[in-house]
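Just so it is clear, none of the values below were taken in a lab; they were calculated from the coordinates. All values derive from a computational prediction rather than experimental measurement. So basically every Cβ, Gly included, is an ideal-geometry build from the backbone, and we count neighbours across all protein chains shown.
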Amino acid sequence: MESQGASAQGPHLILLGAPGAGKGTQAAYLRDQWGLTHISTGDILRAEVAQGTALGAAAHDYMQRGELVPDALIIRMMAERLALLGAAAGYVLDGFPRTAPQAEALDAMLARIGHRLDGVINLEVERTELIRRLSGRRVCPNCSAIYHVETMPPRDAGICDACGAALIQRKDDQPAAIANRLEVYVAATQPLIDYYAARGMLVTIDGTIGVPAVAEAIRAALCGGA
């Protein structure tokens, strides 16, 4: 895959991976190290729910059950978000697209705003590790900081280091919802993986090798293995 990120435009990346694969952590790292905009559908949807918007209300029940929010809602939301970016903006999409119809809609969006994808990164992690990561995750309802009871605990148990709020376990990180999320992901996303693989854009990376190592693997893929 040849690099397109060295041009006037920053790189435009998609991160794929099951819930718990580390997409959000990796996207935040790329944001900080490469100056990319991190666009997370999960974060946007949770903000819409918290603000009580019409989109949030429509998405809320699906999210609580660990189901994918319908394509029409996600596509509308992402079209609005991408339209706000400048022509030279580099970004990483985290959680979008999740289905082949969403990928087709993204192609149309990018054509309208004169962007093109530089890479589609698939973070691969075994199911047992995904369950361990998700079930141990705790989040701050106030500032959205993320912790893990085993690998990244707060200084004081159950309390956010950043703002002092009590941490919570999201309902979609509880066992029944985790199992459903993983089943939904596999069923919905395999066609998406096939979609990008057929276009020669998919790069699969071991999501357990560490955040900096994943970033270097992404850089190598964008530079054609250099």
D32 being part of a helix (DSSP H, G or I), without any contact (Cβ under 8 Å) to a residue 12 or more places away in the chain, among the charged types (D, E, K, R) and within 26 Å of P175 (Cβ to Cβ): no
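What residue, of R116, R133, R138, R112, is outside any helix (DSSP H, G or I) and either surrounded by fewer than 16 Cβ atoms within 10 Å (Cβ to Cβ) or in contact (Cβ under 8 Å) with a residue 40 or more places away in the chain (or both)? Talk me through it step by step, then tell me what you get.
On the way: R133 fails: outside any helix (DSSP H, G or I); R138 fails: either surrounded by fewer than 16 Cβ atoms within 10 Å (Cβ to Cβ) or in contact (Cβ under 8 Å) with a residue 40 or more places away in the chain (or both); R112 fails: outside any helix (DSSP H, G or I).
So the residue among R116, R133, R138, R112 that is outside any helix (DSSP H, G or I) and either surrounded by fewer than 16 Cβ atoms within 10 Å (Cβ to Cβ) or in contact (Cβ under 8 Å) with a residue 40 or more places away in the chain (or both) is R116.
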Test of understanding: among D194, D161, D172, which residue is among the acidic types (D, E) and assigned to a loop (DSSP other than H, G, I, E, B)? D161
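Return the residues of region 124-138 that are in contact with a Gly (Cβ under 7 Å, 6 or more places away or on another chain) and more than 24 Å from L167 (Cα to Cα); say none if nothing qualifies.
Answer for region 124-138, where residues must be in contact with a Gly (Cβ under 7 Å, 6 or more places away or on another chain) and more than 24 Å from L167 (Cα to Cα): E124, V125.
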Which residue out of V69, V49 is out of contact with any Ser or Thr (no Cβ under 7 Å at 6 or more places or on another chain) and in a loop (DSSP other than H, G, I, E, B)? V69
Got a sec? Which of P154, P191 is surrounded by fewer than 16 Cβ atoms within 10 Å (Cβ to Cβ) and either touching a strand residue (DSSP E or B) at 6+ places or on another chain (Cβ under 6 Å) or of a type outside the set (F, W, Y) (or both)? P191
For residues that are in contact with an Asp or Glu (Cβ under 7 Å, 6 or more places away or on another chain) and free of Cβ contacts under 8 Å to residues at least 12 places away in the same chain, tally how many sit in region 52-103. 1
